[in-house]
Each structure stands twice: as C-alpha cells, then as structure tokens.
Amino acid sequence: MLSIRMFEGFKFKQRKTPIHRLDPRPKFMIALTIFALSLIFANVMVFLLLFLAQLPLVCISRSVRRWLGSIKGGAILAAMIFVMNFLTGSTLVFSATMTLRFLVLVSAFSLFFMTTSPDDLGLALEKARVPYTLSFTFTMAVRLVPTIALEAQTIIDAQRSRGLEMERGNLIQRIRNYIPILIPLIVSAIRRSTELAEALESRAFGVTKDRESLVELRMKLSDYATVIIALAVLAIGIYVQLLITLPSLDTGIKMPALWKF
Amino acid sequence: MEIVSARNLTFTYAGSRRPAIEGVNFSVRQGEFVVLTGPSGCGKTTLARCLNALIPSFYQGELSGSLSVLNKDISNSSTSELSRKVGFVFQNPENQLFSLSVERDVAFGPENLGLPREETKRRVDWAMRLTGIDGLREAAPYELSGGQQQRAAIASVLAMRPEIMVLDEPTSFLDPLSASQILEAIANLRQEIGITIVLIEHRLDLASKYANRILIMDKGRIILEGPPSEVYSEEVRLMGKPLLLNTSTACSNRRKVKLLLMVYLRRRLR
C-alpha cells in the first residue's frame with residue numbers, strides 16, 4: 001500500500017521540540033510563505049534555497065526519517081513532472097525548476113502536518129471562527145486516518161489469506177483486485193460512523209454553543225517572532241522579485257523536437 | 001430509592017418484525033451494581049440503549065411501555081441532555097475516543113457541557129486519578145493498550161459526573177487479566193463515589209463477585225433476577241438438573257458460575 005505509506009509523512013507525531021511547541025498559526029504562516037514564494041518565483045536558485053532552508057527546521061523537529069519518507073513518496077510524481085516538462089519541449093533547467101517547486105511544497109506541508117497536532121489545528125480553526133461542528137469533523141477525520149489504515153491492512157491480510165492475489169494481472173485486473181478490499185472497508189467505516197455518532201451523543205455533543213476548551217491557544221513571544229520572520233522573508237522575496245533581476249541559469253538545453261502539436 | 005424503573009417496556013427496531021425487548025419490567029436502586037447478562041442477541045444492548053435514551057432518540061422504531069431514568073421519561077428526553085446524568089461506555093474503546101491525547105478526550109464531555117475551564121481541569125484530574133491513567137495524559141488513543149483505552153473511555157464518561165454509569169460489554173475487546181482489572185476498577189468506583197452501575201457482561205466469573213443483583217435476559221425478556229447466588233441456583237434448577245441442585249447450596253461461587261456457563265452453552269447449542 002504505497003499510498004498509505006506516503007501519508008505517513010503527513011501524520012502528526014507527538015514530540016517535544018521547539019517546532020512542535022509553536023502555535024499552529026505561525027507554523028501555517030511559514031508554510032504559506034513558502035507556498036507564496038514558490039508561486040512568485042521561477043528561478044531554480046530560489047527553489048534550491050527554499051528547499052535547503054527547510055532542512056534545519058526538519059532537523060530541529062526530529063522528524064528527518066518521516067520527512068524523507070514523504071519526499072520519497074513525492075519523488076515518483078516529481079519524476080513525472082520532470083519527464084513531462086522535458087518531453088513537451090521545456091528546457092532542462094526549467095523542468096528541474098518545476099520539479100523542485102513541487103518538492104518544496106511537499107516538504108513544507110509535510111513539515112507542517114508532521115509537527116502540528118490535529119487537535120491544535122482544530123483549536124486554531126475555532127479561533128478563526130470556523131463553526132465547531134466543522135472543525136471537529138476535520139479533527140475527527142485526521143484522527144481516524146491511522147485507525148482506518150490499520151483496518152485496511154487487516155482486511156488485505158484477511159483477503160490474501162483467502163487466496164486473493166493483489167499483484168496479478170494487467171492494470172485493470174489489478175484495480176479490480178481492490179474491490180474485495182474496498183467493500184468491507186466501506187461497510188466497516190459506515191458501521192464505525194454509527195458507533196461514533198452514538199458515542200458523541202452520549203458525551204453531550206452539541207448541548208451548548210459556547211464550549212470552553214481545556215487547552216487554550218495562546219501566542220507566545222516565539223510565536224510572534226516566527227510570524228515576523230515569515231513576513232520579513234515574504235517581503236524580501238517580493239522586493240527581490242520586483243526590483244532585482246536574478247541571474248538566469250538556464251542553459252537552454254532542450255529535447256530535440258520529436259513531434260509538433 | 002429507585003432511580004430507574006421500567007414498566008412493560010417493549011421496543012421493535014424499524015424494519016424488524018420481532019421486538020428486540022418485550023414486556024421488560026425492572027428497577028435499579030441508587031448505588032446498586034447490576035449485572036445484565038444473557039446470550040448474544042437477547043436484547044441486552046437494546047435495553048442499555050434505552051437507559052440513556054439512544055432509544056428512541058437515535059434509533060428509529062416502535063416504543064411502548066415506559067421507562068423513567070432519574071425521574072425523566074426517556075420518550076421525551078434526548079441522549080445529549082441525559083448524558084449529564086447517565087454515562088455510557090461502549091464495547092469498542094476505539095470508537096469512543098475522539099482526540100489525539102487522553103487528557104483532551106477526558107475533557108471532551110465537560111467541554112460540551114459548557115463548563116468553565118477551571119472546572120473542566122478539575123474534573124479531568126479527578127477522573128484520570130480515579131481510573132488510574134494519570135500517567136497517560138499526553139498519550140494518543142492508538143498508542144494505548146486495550147485496557148488503557150477502556151480506562152480512558154471510562155474516565156471520559158466519569159468526567160461528566162453522571163449518577164448512573166451504563167457499560168455495554170466493556171471487557172469484550174480485552175484479555176482476561178485486563179478484563180478483571182477493568183471490572184475491579186469499576187467496582188472501586190462504586191465504592192468510592194457511590195455511582196450506580198449497570199454492567200452488561202458475559203464474563204460472569206469475573207463480574208458476579210461485585211454484583212448486588214443479576215438480571216438474565218433471553219429472547220427480549222428478563223427471565224431471572226436476583227442476587228448472584230440465588231440466580232445461579234435457580235437457573236440450575238430451571239434447567240432440570242437435580243444433580244447440580246444438590247451441589248448448588250454447598251459449592252463455592254466459582255463453581256456455581258461454572259455451572260451456569262455450562263447451562264448457557266447447552267442452551268445455545270439447542
């Protein structure tokens with residue numbers, strides 16, 4: 001199950017590091033800044049810089065292995081982006097730039113989700129005036145990912161032990177092999193949702209509108225500092241893009257035109 | 001003082017022909033430890049669902065007769081309102097823990113009740129201490145063992161300070177050792193805070209020693225009711241085993257329970 005393993009790099013794990021302790025809002029700010037910068041630039045140097053700049057953060061959050069996992073998961077798509085760009089007539093450097101842009105984004109959001117507890121994220125959403133039922137749905141969905149993944153594995157094992165061969169046949173056959181996995185998985189998810197709803201009812205869900213949560217999000221000095229740094233980096237980025245021309249490293253190497261559209 | 005009383009309670013799930021429970025009469029006094037048991041599909045869970053008004057507010061169907069829980073008629077109260085008074089612990093601990101840390105999960109109920117933060121904090125501390133999971137505050141539910149998960153579930157119900165706690169087979173996902181520890185923890189709760197307990201349980205060997213009263217259900221009806229020792233000898237007599245009857249007065253509780261289990265097996269095989 002490649003797809004399930006790829007999400008591993010987006011799964012939160014409790015660790016006691018400065019990055020984990022940051023408020024979710026400034027952390028999201030970092031991810032957004034990187035996102036914005038990778039949209040306004042198209043220079044391979046900038047992406048290299050953005051990519052390398054995240055490495056110390058990953059190291060501080062002590063999640064190097066899982067971060068590598070999500071990069072590896074993104075590598076297949078990245079390779080596809082590179083090949084497609086190159087084959088359709090882009091220069092070598094431009095294709096590499098697009099690939100790097102993708103990896104930078106994967107890395108930034110993987111770092112965010114790895115170090116932000118969905119519970120805290122829910123609280124942040126609440127602070128942003130998102131209705132509680134909505135933010136709760138989101139937290140619950142994230143909370144259930146590992147549970148459902150485990151269940152999927154159990155079903156796969158069960159069906160295999162009854163003789164289902166997953167890796168057999170052509171592409172269509174292989175997709176059809178997933179039907180005996182998906183149907184029990186969906187049925188059990190529906191059953192689970194009923195049980196969850198029952199349990200929610202029994203825990204007074206929705207009795208009062210003004211609930212006060214046990215943990216309160218509070219911006220600390222380090223959080224404000226993070227926001228300021230992120231904003232500063234963004235401002236510098238915009239300034240550079242508008243007023244300074246970065247040296248283009250494009251060597252102009254292209255695939256010879258094999259076909260014309 | 002009777003805090004639960006059912007008169008002729010009958011419920012048929014929508015889309016089903018036979019009633020799941022039929023003509024059930026029973027009562028629970030304050031501070032009692034009642035064990036509800038019987039073969040699978042006998043209506044135990046249905047009866048439990050009535051106690052916190054999941055029936056009729058959550059499950060569709062036809063309800064007749066009456067059930068009042070702490071002077072409230074279940075046919076016009078909602079589960080979430082009743083949850084202040086009646087706590088419900090479900091079979092599968094995984095489907096009743098919502099947060100990624102035990103502490104926040106225990107806080108979930110009090111938060112929903114709109115309690116001030118300080119009070120929530122106090123209750124969380126209290127409930128976690130009582131259930132012996134004080135050291136697991138930051139742990140995620142999926143990192144816990146089954147027994148710890150079920151303790152967390154009990155703590156989160158307890159934090160709402162209910163007067164009655166209904167537990168629907170809380171040990172069925174657990175190994176024998178954790179099961180006996182959970183049942184002991186439940187019995188201790190009753191001693192410490194005087195909470196009324198209605199426990200649905202198959203593991204009679206573990207549960208009987210704590211029970212004041214045992215209700216045995218079959219095919220939607222309560223067929224036997226009384227203190228454990230009486231119920232077991234009665235059951236043996238009902239099954240027409242004079243040989244066993246002789247031993248029933250002399251033998252230990254443990255032996256009686258074994259006999260009862262044998263009777264169960266016979267009935268299920270029939």
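Which three extents, in angstrom, do the Cα atoms of the range A:1-92 have along their principal axes, listed largest first?
47, 34, 19 Å, listed from the longest principal axis down.
What is the magnitude of the charge dipole of the range B:73-154 about its Cα centre, with +1 placed on the Cβ of each Lys and Arg, -1 on the Cβ of each Asp and Glu, and no other charges, expressed in debye to the nearest 20?
Computed charge dipole of the range B:73-154: roughly 200 debye.
Give the calculated FRET efficiency between B:Ser172 and A:Glu165 to the nearest 0.05, with a Förster radius of 35 Å applied to their Cβ-Cβ distance.
0.55
Around B:Ile223, which amide H atoms from residues at least 5 apart in sequence, or from another chain, sit under 5 Å from its own amide H, with H modelled in the peptide plane?
Answer set, sorted by chain and number: B:Ile216, B:Met217, B:Asp218.
In the neighborhood of A:Phe138, defined by Cβ-to-Cβ distances under 13 Å, what is the net charge if each Lys or Arg adds +1 and each Asp or Glu adds -1?
Once all neighbours under 13 Å are counted, the net charge is -2.
Let me see the pair-distance distribution of the protein assembly as shown: every alpha carbon pair, 10 Å bin width, integer percents in order.
3, 15, 21, 21, 16, 11, 7, 4, 2, 0, 0
Tell me, what does the Kirkwood hydrodynamic radius of the range B:100-159 come to in angstroms if you use every pair of distinct C-alpha atoms?
11.0
Going down the list A:Lys127/B:Lys85; A:Lys16/A:Lys209; A:Lys27/A:Lys72; A:Lys209/B:Lys121, which pairs span over 27 Å between their C-alpha atoms?
Cα-Cα > 27 Å for A:Lys127/B:Lys85; A:Lys16/A:Lys209; rest within.
Among B:Val166, B:Val124, what is the fewest-to-most ranking by other Cβ atoms within 10 Å?
B:Val124, B:Val166
Other chains' Cβ within 10 Å of B:74-87 residues: what's the mean?
3
Between B:Asp134 and A:Lys220, with labels modelled 7 Å along Cα→Cβ, what's the label distance in nm to one decimal, could you check?
2.6
So if we plug the beta-carbon distance of A:Val93 and A:Leu52 into 1/(1 + (r/R0)^6) with R0 = 22 Å, what FRET efficiency do we get, rounded to 0.05?
The pair A:Val93/A:Leu52 has a calculated efficiency of 0.80.
If you take each beta carbon of peptide B:103-114 and count the beta carbons of other chains within 10 angstrom, what is the mean?
6
Can you give me the distance in nm between label points at B:Asp125 and A:Ile76, each placed 7 Å from the Cα along the Cα-to-Cβ direction?
5.1
Could you give the distance between the Cα centres of the range B:56-109 and the range A:37-108, to the whole Å?
Cα centroid of the range B:56-109 versus Cα centroid of the range A:37-108: 49 Å apart.
Any idea what the dipole of chain A comes to, in debye rounded to 20, about its Cα centre with Lys/Arg Cβ at +1 and Asp/Glu Cβ at -1?
The calculation lands at about 420 debye.
Readers should treat all values here as calculations from the given coordinates under stated rules, not as data from a laboratory. Because the structure is a prediction, the values reported are computed rather than measured. Note: ideal-geometry Cβ built from the backbone for every residue, glycine included; neighbour counts use all protein chains shown.
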